[in-house]
1. Given the criteria open to solvent by 20 Å² or more (accessible area, probe 1.4 Å), under 29 Å from Phe100 (Cβ atoms) and free of Cβ contacts under 8 Å to residues at least 12 places away in the same chain, does Arg23 qualify?
2. Right, Val81: among the hydrophobic types (A, V, I, L, M, F, W, C) and at pLDDT 90 or above or not?
3. Any idea which of Gly224, Gly210, Gly235 is small (Gly, Ala, Ser) and either more than 23 Å from Ser122 (Cβ to Cβ) or without any contact (Cβ under 8 Å) to a residue 12 or more places away in the chain (or both)?
4. Please go through the stretch 228-249 and give me each residue that is among the hydroxyl-bearing types (Ser, Thr, Tyr) and loosely packed, with under 14 Cβ neighbours inside 10 Å, ordered by number.
5. Considering each of Ala141, Ala107, Ala130 in turn, give the residue that is within 21 Å of Gly27 (Cβ to Cβ), part of a helix (DSSP H, G or I) and of a type in the set (Gly, Ala, Ser).
6. Only residues that are surrounded by fewer than 19 Cβ atoms within 10 Å (Cβ to Cβ) and either under 22 Å from Val81 (Cβ atoms) or not hydrophobic (A, V, I, L, M, F, W, C) (or both): list them for the stretch 151-164, please.
7. Filter the stretch 165-205 for residues that are open to solvent by less than 70 Å² (accessible area, probe 1.4 Å) and not in a helix (DSSP H, G or I); which is nearest to Leu109 (Cα to Cα)?
8. Between a first residue in the stretch 104-132 that is in contact (Cβ under 8 Å) with a residue 24 or more places away in the chain and under 16 Å from Pro195 (Cβ atoms) and a second residue that is open to solvent by 10 Å² or more (accessible area, probe 1.4 Å) and among the basic types (Lys, Arg), which pairs have beta carbons less than 8 Å apart while being 6 or more apart in sequence or on different chains?
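The values are calculated or read from the model by the stated rules, or taken from the named source; none is laboratory data. None of the values given here were measured: they were computed from a predicted structure. Every residue, glycine as well, gets a Cβ built from its backbone with ideal geometry; the counts of neighbours run over all protein chains shown. Just so you know, the surface numbers come from the protein's heavy atoms only, side chains and all, with ligands and any DNA or RNA stripped out. Shrake-Rupley method; radii C 1.70, N 1.55, O 1.52, S 1.80 Å.
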Amino acid sequence: LFYRWVDVLVLSLFVALGIGIERGDIGAYENAWRLSLIVMLVGRSISTTLFPQISEWDVENAKGKIESAIPTALLPSVLIVIPGFVGTLVLSEDLLRVLFGPEFTVAWLALIILAGAKIPQSLHILLSQALNAIDRPDLAAIAAIISAVLNLLFNVILIWYYGIVGAAIATTGSFFVNTLLHAYFLNQFLEIKLPLQEAGWSLFASVVMGVCVFGVRSVIEPTGIPSLLGIVSIGVVVYFPILLIYTPI
């Protein structure tokens with residue numbers, strides 16, 4: 001909840017003080033935030049399922065099973081958030097214009113940054129659940145408090161200089177710190193291996209997808225939801241076959 005609202009509260013404070021932020025900017029930023037959350041559905045579902053299983057293995061002292069399950073659980077989320085970020089990089093302004101209206105395109109850069117933030121956040125959701133499942137919520141709380149304080153400080157400083165883009169940078173930076181802290185604490189008890197090779201292949205497939213989507217977007221400008229969904233569908237058709245060529249995935 002703190003992460004969800006602190007940037008909006010600081011933006012609202014700046015509006016009240018008349019310091020460089022328009023009230024409409026807050027609405028545009030909130031829509032960008034909501035839109036960026038779509039790619040988190042897979043990770044949240046997996047983390048909810050994973051928690052009781054890791055807790056059971058922890059009771060059984062089945063450390064090896066936990067260590068092998070974490071990278072397996074991380075992978076599906078990573079395979080969604082990476083192309084989600086690349087797709088947003090290409091279609092950010094179109095997404096906001098078609099789905100919410102032309103006045104909301106002011107948040108196009110903030111949406112790209114927030115979509116990038118979902119990459120560390122997708123790892124954080126699973127790592128925090130794993131840390132709680134092995135009965136160390138105290139360490140998860142320390143990581144959360146440190147990153148929350150940083151988030152507040154970053155928001156005040158960066159919104160002052162960069163407006164809603166600064167809010168997005170602050171959220172992204174503090175989430176990155178939060179993820180690193182969770183990984184560090186969890187690594188004290190378990191050997192955590194991230195699916196880096198699979199993520200690298202996903203990035204390659206996403207770049208190819210992004211180039212194709214950019215080419216189609218250059219020819220066909222989305223004017224409504226059907227044409228926007230058509231362009232997104234082309235990206236999906238390009239991405240998944242390339243992704244599935246890689247045997248480990």
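1. Values: open to solvent by 20 Å² or more (accessible area, probe 1.4 Å): yes; under 29 Å from Phe100 (Cβ atoms): yes; free of Cβ contacts under 8 Å to residues at least 12 places away in the same chain: yes.
Yes; evaluated as a whole, the condition is true for this residue.
2. On the way: among the hydrophobic types (A, V, I, L, M, F, W, C): yes; at pLDDT 90 or above: yes.
Taking the combined requirement at face value, the residue satisfies it.
3. On the way: Gly210 fails: either more than 23 Å from Ser122 (Cβ to Cβ) or without any contact (Cβ under 8 Å) to a residue 12 or more places away in the chain (or both); Gly235 fails: either more than 23 Å from Ser122 (Cβ to Cβ) or without any contact (Cβ under 8 Å) to a residue 12 or more places away in the chain (or both).
From the options Gly224, Gly210, Gly235, the qualifying one is Gly224.
4. To start, the set of residues in the stretch 228-249 that are among the hydroxyl-bearing types (Ser, Thr, Tyr) comprises 233, 239, 246-247.
Of everything in the stretch 228-249, those that are among the hydroxyl-bearing types (Ser, Thr, Tyr) and loosely packed, with under 14 Cβ neighbours inside 10 Å turn out to be Ser233, Thr247.
5. Numbers: Ala141 fails: within 21 Å of Gly27 (Cβ to Cβ); Ala130 fails: within 21 Å of Gly27 (Cβ to Cβ).
Within the list Ala141, Ala107, Ala130, the selection yields Ala107.
6. Applying the first criterion (surrounded by fewer than 19 Cβ atoms within 10 Å (Cβ to Cβ)) to the stretch 151-164 yields 152-153, 156-157, 160-162.
Those that are surrounded by fewer than 19 Cβ atoms within 10 Å (Cβ to Cβ) and either under 22 Å from Val81 (Cβ atoms) or not hydrophobic (A, V, I, L, M, F, W, C) (or both): Tyr161, Tyr162.
7. Once the filter is applied, the top-ranked residue is Pro195.
8. Sorted first by the residue in the stretch 104-132, then by its partner, the pairs are Ile125/Arg44.
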